[in-house]
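Reviewing the structure listed below.
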Amino acid sequence: METAIIQIGNSKGLRLSKTILLKYNIKDKVELILEKGHIILKPIESPRKNWEDKFKKMAESGDDQLLMNGVFEDDDFDEWI
């Protein structure tokens with residue numbers, strides 16, 4: 001398939017048809033992969049997909065500790081409740 005590069009402000013971009021967007025389930029973002037002289041656009045299903053599992057594994061391994069202690073000592077978190 002051939003498509004034109006179009007001017008978008010000071011940049012240039014590709015215009016994808018509604019058919020392509022629907023067929024490949026492309027929503028707001030795509031992953032751009034540069035590989036051996038090719039540009040691959042890959043739909044991103046959910047930017048935070050599997051984060052819950054990864055955070056659980058971090059907690060189980062004890063890797064969820066604060067990197068900087070005492071950062072929030074002066075803050076009053078009651079106002080956030």
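Just so you know, all these numbers are worked out from the coordinates, no wet-lab data involved. Computed from a predicted structure; not experimentally measured. Reconstructed Cβ throughout: ideal geometry from the backbone, glycine too, with neighbour counts over all protein chains shown.
Answer yes or no as to whether Leu41 is surrounded by 10 or more Cβ atoms within 10 Å (Cβ to Cβ) and either assigned to a strand (DSSP E or B) or touching a residue at least 40 places away in the same chain (Cβ under 8 Å) (or both). Answer is yes for this residue.
Of all residues in the stretch 14-31, those that are over 15 Å from Glu45 (Cβ atoms) have Cβ atoms under 8 Å from Cβ atoms of residues that are not hydrophobic (A, V, I, L, M, F, W, C), 6 or more apart or on another chain, in Leu14/Thr3; Arg15/Thr3; Leu16/Thr3.
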